[in-house]
1. Using Stokes-Einstein with the Kirkwood hydrodynamic radius over Cα pairs, what translational diffusion coefficient do you get for the range 40-148 at 20 °C and a viscosity of 1.002 mPa s, in µm²/s rounded to a whole number?
2. Taking the Cα centre of the range 212-296 as origin and charging only Cβ (+1 Lys, Arg; -1 Asp, Glu), how large is the dipole, in debye to the nearest 20?
3. How far apart, in nanometres, would the label points at ASN36 and SER124 be if each is projected 7 angstrom from Cα along the Cα-to-Cβ direction?
4. Give me the angle, in degrees from 0 to 90, between the Cα long axis of helix 108-120 and the longest principal axis of the Cα atoms of the chain, rounded to the nearest 10.
5. Straight-line reach from LYS135: which lysines have Cα under 27 Å away, leaving out those fewer than 8 places along the same chain?
6. If you place +1 on the Cβ of every Lys and Arg and -1 on the Cβ of every Asp and Glu, how big does the dipole about the Cα centre of the range 33-307 come out, in debye to the nearest 20?
7. Working from Cα positions, state the angle (0 to 90°, nearest 10) between the long axis of helix 298-307 and the longest principal axis of the chain.
8. Let me make sure I get this right: for the range 99-141, a, b and c are the square roots of the gyration tensor eigenvalues over alpha carbons, sorted descending. Under 1.5 in a/c it's rounded, otherwise prolate if a/b > b/c, else oblate. Which is it?
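Coordinate-derived values only; no laboratory data. Just so it is clear, the model here is predicted, and its values are computed rather than measured. Glycine gets a Cβ as well: all are built from the backbone with ideal geometry, and neighbour counts include every protein chain shown.
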Amino acid sequence: MMLSKNETSPLMNVTARGRAAALDLAIATPLPQDVNVSFEFFPPTVGNGAGPFWASVERLLPLDPSFVSVTYGAGGATHDRTLEAVKSLNRTTKTEVAMHLTCAGASRETINQTAQEFVDAGGSHIIALRGDPPKGSNRYEPHPKGYAYAADLVAGLRDVANFDISVAAYPETHPEAGSEEADLDNLKRKLDAGASRAITQFFFDVEDYLRFLERARNAGIAAPIIPGILPVTDFRRISRFADRCGANVPKWMGELFEGLNHDAATRRLVAASVAAEQCRALYAQGIDTFHFYTLNQADLCFAICHILGVRPSMPSRIAA
Ligand SMILES: Cc1cc2nc3c(=O)[nH]c(=O)nc-3n(C[C@H](O)[C@H](O)[C@H](O)COP(=O)(O)OP(=O)(O)OC[C@H]3O[C@@H](n4cnc5c(N)ncnc54)[C@H](O)[C@@H]3O)c2cc1C
């Protein structure tokens with residue numbers, strides 16, 4: 001419908017409080033089919049814990065992600081389970097599988113061996129990280145014979161195989177960085193060492209990501225910087241966790257979850273709605289690729305992808 005200059009669209013409503021309604025974000029029109037997604041999973045735990053991992057994989061793979069990734073526990077705690085999971089995924093799916101690999105708590109030799117095992121199992125994409133300190137410790141200490149930082153790991157991996165390497169980026173600056181500039185220099189070092197893209201730490205304020213992207217581009221970083229999206233269902237837990245990650249939890253989020261401590265079903269609906277809105281706001285700014293921290297909660301990510309116009313392209317990518 002075309003309007004003459006002086007007409008206002010009947011859709012340009014004004015809310016009861018007199019504010020123009022943000023209709024472009026409020027109407028759940030599916031987006032054009034050009035959104036790319038990737039999914040991050042925790043490795044299966046032993047026993048019954050394997051269920052949520054495989055159920056999440058089965059649910060989300062039909063959405064044809066660019067890749068799926070499996071995390072590496074703090075201090076390398078899940079070494080065997082991560083490696084087993086990526087090998088299994090490589091055997092049973094056609095989707096690209098990325099393995100997270102960290103410097104923490106291991107020698108260069110051990111890390112290189114792990115990377116080689118991944119290659120031998122058909123892997124080629126590594127998400128190279130410094131890693132968080134092991135449980136019970138607040139301070140990161142490089143292993144005496146290890147890679148000290150992620151940039152060293154990226155360079156070391158180059159000697160093992162011709163990996164496609166992703167690294168971490170921090171829209172709100174890594175909490176241990178000396179300054180915003182130092183953190184951006186570090187990102188540049190990781191890319192210069194051979195990484196081809198960055199995936200961001202989760203963030204909730206779209207402006208934080210957009211400002212960071214602008215600073216990175218101004219600093220000459222041309223590689224893709226994929227926003228990491230964390231759907232939040234447990235506000236109290238995320239508030240505690242975000243502090244350590246250098247992510248700010250906005251006040252509005254606390255207000256959204258007010259009164260829902262004992263109402264998990266509503267919290268999930270709110271989580272899907274907030275994450276979908278965040279992605280739609282980013283999409284409106286030209287961002288069409290999203291990495292989801294699924295926390296092995298497939299239904300939530302499936303719903304968000306559905307809102308973003310990402311639909312199953314085939315019944316299943318898991319081989320029979
Ligand atoms: C997408 C993504 C996936 C993740 N997956 C995992 C995972 O599977 N397992 C896990 O344990 N953690 C994971 N993390 C968390 C990550 O390990 C932590 O955020 C960690 O604290 C930093 O990792 P990094 O790779 O960014 O480190 P680095 O890039 O090495 O940077 C760490 C800090 O050191 C500073 N720094 C870098 N080089 C130097 C130097 N030479 N001298 C002084 N300071 C320096 C940086 O500015 C920064 O403050 C992930 C994070 C992201 C964003």
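1. On the way: Rh = 14.3 Å.
It comes out at roughly 149 µm²/s.
2. On the way: 10 positive and 8 negative charges, 43 e Å.
So the dipole magnitude of the range 212-296 works out to roughly 200 debye.
3. Each label point is offset 7 Å from its Cα along the Cβ direction, giving 1.5 nm.
4. Compared with the principal axis, the helix lies near 70 degrees.
5. Those lysines meeting the cut-off are LYS87, LYS145, LYS190.
6. 380
7. Its long axis makes an angle of about 40 degrees.
8. Prolate.
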